[in-house]
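Computed from the coordinates by the stated procedures, all read-outs in this text should not be read as laboratory data. Nothing here was measured: the structure is a model prediction, and the numbers come from that model. When we count neighbours, we look across all protein chains shown, and the Cβ atoms used for this are built from the backbone with ideal geometry, even at glycine.
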Amino acid sequence: MVTLPGASINPFPPPDLNHRIPETKTPTKNFTHFRVADNDETVRKDRKEAVNKKIASQKAISVVLRREATMAVIEKKKGMSRLFPGTVLEALHERIAALRWESALKVFELLREQLWYRPNSAIYVKLIVMLGKCKQPEKAHSLFQAMIEEGCIVNQESYTALLSAYSRSGLFRKAFSILDEMRNTPDCQPDVYTYSILIKSCLHYHEFDKVQSLLSEMVSQGVKPNTVTYNTLIDAYGRAKRFVDMESTLVEMLRQRECKPDVWTMNSTLRAFGGSGQIETMEKCYEKFLSAGIQPDIKTFNILLDSYGKTGNYKKMSAVMEYMQKYHFKWTLVTYNIVIDAFGRAGDVSQMEFLFRLMQSESIKPNCVTLCSLVRGYAQAGKAEKIGGLMRYIESSDVTVDTVFFNCLVDAYGMMGCLAEMKGVLPLMESKGCQPDKVTYRTMIKAYNMNGMSNHVKELRLALSSVGKPDSRR
C-alpha cells in the first residue's frame, strides 16, 4: 500500500450510535383571504393590469429588441454587412458556450462577411475546441485549414485544440499524426497540456498501451507530467479498477518534487478503493492524505458517505455526518441523494423521509436519482401506498422524470407483487413522453414469471422483440 508522509490520524470524532439528525418543525404558512370585488372593480383592475404590462414591456424593449433583432438577422439576413461587432460576437460566444455547433458556425460565417472583420486566432481555437466536444473532428479540421488560409498564426494552442478534437472521438491515428506534426513544426512543440489531453482521451477509451507510450515519450522529450496529468491517470486507473497501475502512478507522483498531491488526488484514490468495497484501505489513505496537509472538501465526504452507505457501515456513515455538521460543510444535492439512498437501503423510511423534507426546506430541488432512491426505499419496506404519495408529489411539482425512473417504479411494484400498479406504469410513461425500453419489459416479464402469469409474459416478449425497430409503432 502506498504511504504518504506523516503520522496517521483519526479524522472523525467517536461516533454517537444514538445520533439522529434533529427533527425540525415545518414552518406553517399564513394565508390571507381577500374579498372578491364586484364586476366594476374587476374591470378596473384588469385594465390597470393591462396598462402595467404595457409599461413593463416598453421598459424592457431595448434589451429584448436587440436580442430578437440579432437572431432575426443571423437566421434570415445572412448577407448584411453592417452589424455591430459586439452584437455578433455576443451571439457567437453564447452558442459556443451552449455547444450549439451548427448555429455557432452560421454566426461565424456571418462574422466573416462583415466589413470590420479581422481574422482572430482565439476565436478559431474556441470554435475548434467546441467542435471537438461535439464530436465533429472533420469540421474542426476544416476550420483549422481556414485559419491557416486567413493568415492566422498557428501555434501550440491551436494544434492542441485540433488534436483534442480527434482524440475525443477516438480517432487516435489522426491525433498521433498531429502530435508528430507538432514536433516537426517550429514554435509548436507539444507541452504537458497537449500530452495530458491525449492521455485523458486514451484512458477514456481504455487504450492503456498508448498511455504508457505517451508517458515514455514525454520523458524522452523532456516534458514533465504535472499534477493534472497524474490526477487524470489515478482517476482513470481507479475507475477501471487497475489498482496496481493506480498505486504505481501515485508513487511516481510522490517522487516528483514539482507534483504534490491535492484534494483531487485524494478524492480519486478514495473513490477507487471505497467504490470497490476496500473500506479499510480507503480509510488508511484518507488518514495519510490528511496528515500530508490535504484538506477534504464536500466531494470527499460524499465519497466517504457513499462508500460507507453501500457497504452497510451506518455507524461510520453517521460519524461522517456528525463531522460535516460540526464543521459546517453544506450538503449538496449529491449528499442528500447518497444519504437518502443509504437510509432507504437500511429500511429506515422515517429517516429517509425526514431527509427528503429537510432537502426541500433548504430549496434543493430533487432529481430522478432522489426519486429512484425513495421508490427503492419504499419498496424495500413494502410500503406501496407511500409510492402513490410520491407520485402525487411528482404530479404537483416541476421535477422531470425519465425512463430510468419509470423502470425503477416498475421494479418496485414487481418486487412487492403489485402487478396492477406495475402494468399501470406503461400508460403513465406514455403520458410523460417516455418510451419503455428493454429494461422496462424485462423487469415486467420477471415479475410476471415469478407470479406464474405466462399469458402476460408472451405479450411482453412480443413487445420486447420490437423495441428499437423502426416499425415498432405501426
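Structure above, values below:
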| quantity | calculated |
| --- | --- |
| Additional length obtainable on full extension of the chain from Ser465 to Ile394, 0.36 nm per residue less Cα span | 22.4 nm |
| Long-range amide H partners of Cys434 with built H, under 5 Å | none |
| Stretch gain in nm, segment Ser276-Leu89, where the contour uses 0.36 nm per residue and the Cα spacing is subtracted | 62.5 nm |
| Restricting region 312-355 to trypsin sites (Lys or Arg not before Pro) in coil, as DSSP defines it, with at most 13 other Cβ within 10 Å | Lys330 |
| Simple spin-label estimate for Ser361 and Asp437 in nanometres, 7 Å along Cα-Cβ | 3.7 |
| Trypsin sites (Lys or Arg not before Pro) lying in DSSP loop within region 377-442, provided at most 16 other Cβ fall within 10 Å | Lys383, Lys432 |
| Förster-model FRET efficiency, 45 Å R0, Ile153 and Glu385, C-beta, rounded to 0.05 | 0.05 |
| Environment charge of Val228, counting only residues whose C-beta is closer than 10 Å and scoring Lys/Arg +1, Asp/Glu -1 | 0 |
| Loop-located chymotrypsin sites (Phe, Trp or Tyr not before Pro) in region 104-160, at most 11 other Cβ atoms within 10 Å (DSSP) | Trp116 |
| Karplus-derived HN-Hα couplings along region 265-278 (A = 6.51, B = -1.76, C = 1.60, θ = phi - 60°), whole Hz, x at Gly and Pro | 4, 4, 5, 5, 5, 5, 5, 5, 6, x, x, 9, x, 8 |
| Cα-based convex hull, region 369-454, per residue volume (Å³, whole number) | 84 |
